[in-house]
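First comes the structure, then the notes that go with it.
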Amino acid sequence: MTRQNFKIGLLIRSGPYQGRSSRDQLDIALAAASLDFEIDLFFTEEGILQLVADRETNAGHLPGGHKGWKALPGLAGVRAWAGAPVLSSLAKSGTKLLLPVEAATHSEMSARLAGCDRVMVI
């Protein structure tokens, strides 16, 4: 299996600026991208806040994620999913995200995670 066919799934549960480091999730995704792995990103309700554009863009109502997320598609094949309710809520509030994210049910995300060669929950 070549690196280009190797798919890493990242389940991102924590919002920006939580936990040990505010950029652990992004650093792991960038490292995988630099090794030419395909990356599937799965965001939970709080995890999707990693992709919220800066406060000025979003009228200051949500913490902004790191701009580095925008670099991922230029480095590797990246697809991102989150639950439809949270995406709908963000769209209604006019919140812009740093990456395109597709809506998926929990069972759809589980099936996609099962299709990954390696999965990390971060």
| field | Checklist (1) assigned to a helix (DSSP H, G or I); (2) modelled with pLDDT of 90 or more; (3) surrounded by 12 or more Cβ atoms within 10 Å (Cβ to Cβ) applied to GLN25, failing item | value | (2)
| Looking at the stretch 100-121, which of its residues are part of a loop (DSSP other than H, G, I, E, B) and either surrounded by 17 or more Cβ atoms within 10 Å (Cβ to Cβ) or more than 13 Å from the chain's Cα centre (by Cα) (or both)? | VAL101, ALA104, THR105, GLY115, CYS116, ASP117
| Residue list for the stretch 73-99, restricted to those being part of a loop (DSSP other than H, G, I, E, B) and either of a type outside the set (Ser, Thr, Tyr) or within 15 Å of GLU46 (Cα to Cα) (or both) | ALA76, GLY77, GLY83, GLY94, THR95, LYS96, LEU98, LEU99
| said: Need the failing condition index for GLY9 against (1) modelled with pLDDT under 95; (2) touching a Phe, Trp or Tyr at 6+ places or on another chain (Cβ under 8 Å), just the number. | reply: (1)
| field | Boolean, ARG3 is at pLDDT below 80, surrounded by fewer than 13 Cβ atoms within 10 Å (Cβ to Cβ) and either in contact with a strand residue (DSSP E or B) (Cβ under 7 Å, 6 or more places away or on another chain) or under 14 Å from ARG118 (Cβ atoms) (or both) | value | yes
| task | State all residues of the stretch 58-73 that are at pLDDT below 80 and in contact with a Pro (Cβ under 8 Å, 6 or more places away or on another chain); if no residue qualifies, say none. | result | PRO63, GLY64, GLY65
| Near pairs, Cβ below 9 angstrom, 6+ apart or cross-chain, from the stretch 88-110 (on the phi > 0 side of the Ramachandran plot) to any residue that is surrounded by 14 or more Cβ atoms within 10 Å (Cβ to Cβ) and not in a helix (DSSP H, G or I) | GLY94/ASN58
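The values are calculated or read from the model by the stated rules, or taken from the named source; none is laboratory data. Worth saying up front: this structure is predicted, and the values here are computed from it rather than measured. Virtual Cβ from ideal backbone geometry, glycine too; neighbours counted across all protein chains shown.
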